[in-house]
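J.: So that we are looking at the same thing, I have put the structure below in structure tokens.
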Protein chains: 2
Amino acid sequence: MSSSSSSHDGLSRRLLLGVAATLPMLSGLLATTAAWAQTAAPLASWNDGPAKRAILDFVRTTTDPASRTFVPPEERIVTFDQDGTLWVEHPIYTQVMYCLDRVPDVVKAKPELAKVQPFKTVLSGDFEAIAKLSMHDFLEIAAATLTGMDVDAFESETKAWIAAAKDHRWKRLYTELTYLPMQEVLQHFRANGYKTFIVTGGGQDFVRVFSEGVYGIPREQVVGTAGGVKYGYGRDGKPFLTKEPKLLLNNDFAGKPEGIHLMIGRRPRAAFGNSIGDREMLEYTKGGDGARLSMLVLHDDAKREYAYGPAQGLPDTKVGRFTQALYDEAKKDGWTIISMKNDWSRIFAFEA
Amino acid sequence: MSSSSSSHDGLSRRLLLGVAATLPMLSGLLATTAAWAQTAAPLASWNDGPAKRAILDFVRTTTDPASRTFVPPEERIVTFDQDGTLWVEHPIYTQVMYCLDRVPDVVKAKPELAKVQPFKTVLSGDFEAIAKLSMHDFLEIAAATLTGMDVDAFESETKAWIAAAKDHRWKRLYTELTYLPMQEVLQHFRANGYKTFIVTGGGQDFVRVFSEGVYGIPREQVVGTAGGVKYGYGRDGKPFLTKEPKLLLNNDFAGKPEGIHLMIGRRPRAAFGNSIGDREMLEYTKGGDGARLSMLVLHDDAKREYAYGPAQGLPDTKVGRFTQALYDEAKKDGWTIISMKNDWSRIFAFEA
């Protein structure tokens, strides 16, 4: 690991964080992935208001053949950011927790790393020291935990972790921390012939492991930050692919519309995000002809989830920044803001 | 254009050709894309034999819930090479014809090119001289005709060309030169819950323009050689993407399984190809657990289409080489060879 041009499944930006990172306990229970139960009325967990109406109106007017803004089935593409848009991203991205959790196994395979930084610090469990690691340190951790292995091995490791690891606030599987109102949005679009895609700054291979079970989104409809893979043959002559520490697609900021072109090949009709990393995707979506919908989730509910901006006087953050400039652009260009506090009557499926 | 590491929508390999390239006449007729009429019996244009049986058996045993080799719906991925597997690739790839045809328009926009090689030669219409152009010349033509423009402009240009340009032997639209038996294979897989993907060494953006109309394959299910795109804003402030002369994915040889991982994220259950550029895709497919199917189209019908190998004593070629080593590997590893001459009762839909 030598330079900032290297990539590790899209962690470069998120690992720039100064936030406290805590090691989650690995649950001994092999829990099954949380499935979301569909309700009869569309957007049942949404309060009546401009955000709910914007979604219902858009879907109705683009799928009614008599509508002036009808969209033919093959053009019905809707994209969703993941972290902070479909599930919780605070206090730190779930994939970062995965990387930190993987360090003990990496050290087991290469014992010499135990005495080397930054692995020594991660193994110490000293949360304050971990939070102070540099970006270079985090990139080294990401390279060690996300690359170098067979893609099938990576999938097994990720699958086992995501089925067991729990967050610290709710003591729930990370996959239970998806927003019920957004699951309803996914369902409503799909029920009306839209193809739903995740377009995430997170690692494509990481998210693909659980996208089908958690969101009903097949892995080929996940666009994320992607590293190269290398084709080779095992000792048994069988072919396999190895994850390489080489960036192919940095799927964040302008990389999102670029990734959408690469992986989907069509400008989305609608897009959902929550931070400055989603700005270009929302601009690109709204910039097309005909009916277009761009929406931003504003985390303004400190009580039920988290509150961060710094838009609208909310506390600043390094994880999922939503600036006032983004807020102003949204207002000016006709994007719709979703207030988590006001628009969502329920946030998680596990709530009573 | 400076080095061989540059890319231009995957033409690098195909432009290495020494074959004669002729400029097609641009038809004045705006023809609609040829639609393939589905027949009631699966694989109706196939003669009974091991190839037809291999496909029918594979589909049946992987989709019957009582079968030992049942494949769950989300894993039903089948990939198809395009050139030489789904449509005619001789005497030269259709995309090369597109590039040559675009030269007059490129020169119109930049008149200074008219006096510069290789554009001067292409404009001369001297077929023998065009056939002698070097790889560097062809890369320069590809860069000039496939990059530098807005992705939407490229789409319009390609769409207009493919709707009008005709081949020289049959005087048919290129899109009519798809193999009817392979269209039946696509249909049969889809009718049984398989998702069909094109995995081509050709340009991803090029093939996506007609994949939906010609093959029923949505553009997001086309994996091809891909260049980078760059996000920017027009004078009106509207965002757009520009095609750049920068290679992201060279989707040929080992690049095929690598591209499959990047774009699909799952090892295919079945794969179809016809040349050495498909070898690694077929190996990777066959190398997975459970039921797998790898098949190769052998062009051994000089009368109805073309005959080339050099496998099995067929004439050698630079376009879609099928070597004896590939033939031997197929026999050894249980891939099935499709003899165009013996297995297909009909090749094109337009035949009586």
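J.: Of A:Ala160, A:Thr69, A:Leu173, whose Cα points farthest to the positive end of the dipole of chain A (charges on the beta-carbon: +1 Lys, Arg; -1 Asp, Glu; origin at the Cα centre)?
T.: Towards the positive end, the residue furthest out is A:Thr69.
J.: Now for a separate question. List the residues of segment B:261-309 for which accessible area in the full set of protein chains is at least 50 Å² lower than for the chain on its own; 1.4 Å probe, protein heavy atoms only.
T.: Output list: B:His261, B:Leu262, B:Met263, B:Arg266, B:Tyr284.
J.: Using amide H atoms built in the peptide plane, which far-off residues or other-chain residues are under 5 Å from B:Trp344 H to H?
T.: Long-range HN contacts for B:Trp344: B:Asn47.
J.: Would you mind getting me the FRET efficiency between B:Ala302 and A:Asp64? Use the beta-carbon distance for r and R0 = 41 Å, nearest 0.05.
T.: 0.15
J.: Which value, in debye to the nearest 20, describes the size of the charge dipole of the protein assembly as shown about its Cα centre when Lys and Arg Cβ atoms bear +1, Asp and Glu Cβ atoms bear -1, and nothing else is charged?
T.: Computed about the Cα centre, the dipole is about 280 debye.
J.: Still on this structure, please answer the following. Taking each residue of A:231-239 in turn, how many C-beta atoms of other protein chains fall within 10 Å of its C-beta, and what is the average?
T.: That average works out to 4.
J.: Still on this structure, please answer the following. Based on the alpha-carbon gyration tensor of segment A:83-231, what equivalent-ellipsoid semi-axes (square roots of 5 times the eigenvalues) come out, in whole Å, largest first?
T.: One finds semi-axes of 30, 18, 13 Å for segment A:83-231.
J.: Accessible area lost on pairing A with B, both sides, 1.4 Å probe, Å² to nearest 100? Let's see the in-between values first.
T.: Working: alone 15340 and 15320 Å², together 27280 Å².
Its buried surface, counting both partners, is about 3400 Å².
J.: Still on this model: How much of the DSSP beta bridge set in the protein assembly as shown is antiparallel, as a percent to the nearest 5?
T.: Rounded to the nearest five, the antiparallel share is 35 percent.
J.: State, to one decimal in nm and shortest first, how far the label point of B:Ile276 sits from each corresponding label point in the other identical copies (label point: 7 angstrom along Cα-to-Cβ).
T.: 5.1
J.: Segment A:206-222: which residues show an accessible-area loss of 50 Å² or more, assembly versus chain alone, 1.4 Å probe?
T.: Residues of segment A:206-222 that lose at least 50 Å² of accessible area once the other chains are added: A:Arg219, A:Glu220.
J.: With the other protein chains left in place, how much accessible area per residue, in square angstrom, belongs to the protein assembly as shown at a 1.4 angstrom probe?
T.: Details: 27280 Å² over 704 residues.
I get 39 Å² per residue for the protein assembly as shown.
J.: Roughly how many whole Å is it from the C-alpha centroid of segment A:57-121 to that of segment B:161-224?
T.: 32 Å
J.: For B:Asp328 and A:Lys108, what does the FRET efficiency come to when R0 = 45 Å and r is the distance between their Cβ atoms, rounded to the nearest 0.05?
T.: Efficiency computed from Cβ-Cβ geometry: 0.55.
J.: Separate question: Considering only C-alpha atoms, what is the centroid distance from segment B:332-352 to segment A:138-157, in Å?
T.: Using only Cα atoms to place each centre, the spacing works out to 43 Å.
J.: Can you send over the carbon and sulfur percentage of the accessible area for the protein assembly as shown, probe radius 1.4 Å, protein chains only?
T.: Here it works out to 53 percent.
J.: Out of residues 5 or more away from A:Trp87 or on other chains, whose amide H comes under 5 Å of its own, with H placed 1.01 Å from N in the peptide plane?
T.: Counting only residues 5 or more places away or on other chains, the set is A:Tyr179.
J.: Rounded to the nearest 10 degrees, what's the angle between the helix B:180-191 long axis and the longest principal axis of chain B, both from Cα atoms, 0 to 90?
T.: For B:180-191 against chain B, the angle is about 60 degrees.
J.: If the viscosity is 1.567 mPa s and the temperature 4 °C, what translational diffusion coefficient in µm²/s does Stokes-Einstein give for segment B:143-219 when Rh comes from Kirkwood over Cα pairs?
T.: 93 µm²/s
J.: While we're here: Please name whichever of A:Tyr215, A:Pro239, A:Ile198 sits farthest to the positive end of the charge dipole of segment A:175-252, dipole taken about the Cα centre and charges placed at Cβ: Lys and Arg +1, Asp and Glu -1.
T.: A:Pro239
J.: I need the phi-derived Karplus couplings for segment B:318-325: 6.51 cos²θ - 1.76 cosθ + 1.60, θ = phi - 60°, integer Hz, Gly and Pro marked x.
T.: 9, 10, x, 4, 10, 7, 5, 4
J.: Something else now. Could you sort out which of A:Lys115/A:Lys243; B:Lys108/B:Lys256; B:Lys246/B:Lys318; A:Lys256/A:Lys318; A:Lys166/A:Lys246 sit more than 27 Å apart by Cα distance in this structure?
T.: Pairs exceeding 27 Å: B:Lys108/B:Lys256; A:Lys166/A:Lys246.
J.: Mind putting together the pair-distance distribution for segment B:217-270? All Cα pairs, 5 Å bins, whole percent per bin, short to long.
T.: Histogram of Cα-Cα distances, whole percents per bin: 5, 17, 19, 21, 15, 10, 8, 4, 2, 0.
J.: Would you kindly compute the Cα radius of gyration of segment B:253-352 and its largest Cα-Cα separation (Dmax), both in Å?
T.: 14.3, 42
J.: Mind checking the dipole of chain B: about its Cα centre, +1 per Lys or Arg Cβ, -1 per Asp or Glu Cβ, Debye to the nearest 20?
T.: 140 debye
J.: Run the label-point distances for B:Pro72 please: 7 Å along Cα to Cβ, every other copy, nanometres, shortest first.
T.: In ascending order, 3.5 nm.
J.: Related question: What full-extension length gain, to one decimal in nm, is calculated for B:Glu351 and B:Arg53 as 0.36 nm per residue of separation minus the Cα-Cα distance?
T.: Here the segment from B:Glu351 to B:Arg53 would lengthen by 104.9 nm.
J.: Shortest first and in nm with one decimal, please list how far the A:Pro310 label point sits from its counterparts in the other copies (point 7 Å along Cα→Cβ).
T.: So the distances to the same position in the other copies read 7.0 nm.
J.: Taking just the alpha-carbon atoms of chain B, what radius of gyration and Dmax come out, in angstrom?
T.: Expressed in Å, the Cα Rg and Dmax of chain B come to 20.2, 68.
J.: A further question follows. Please compute the Cα-Cα pair-distance distribution of segment B:36-117 with 5 Å bins starting at 0, giving whole percents from short to long.
T.: Reading the bins upward from 0: 3, 10, 11, 13, 14, 10, 8, 7, 6, 6, 7, 4, 2, 0.
J.: Now, a different point. Mind grabbing the base-10 log of I(q)/I(0) for the protein assembly as shown at q = 0.06 Å⁻¹? Debye formula, identical points on the C-alpha positions, no solvent, two decimal places.
T.: -0.37
J.: Taking 7 Å along the Cα-to-C-beta vector as the label spot, tell me the B:Ser124-A:Lys238 distance in nanometres, rounded to one decimal.
T.: 5.6 nm
The values are calculated or read from the model by the stated rules, or taken from the named source; none is laboratory data. Computed from a predicted structure; not experimentally measured. Every residue, glycine among them, receives a Cβ derived from its backbone with ideal geometry; neighbour counts consider all protein chains shown. The protein model used for the area step is the full one, side chains on, heavy atoms only, and it has no ligands, DNA or RNA in it. Shrake-Rupley method; radii C 1.70, N 1.55, O 1.52, S 1.80 Å.
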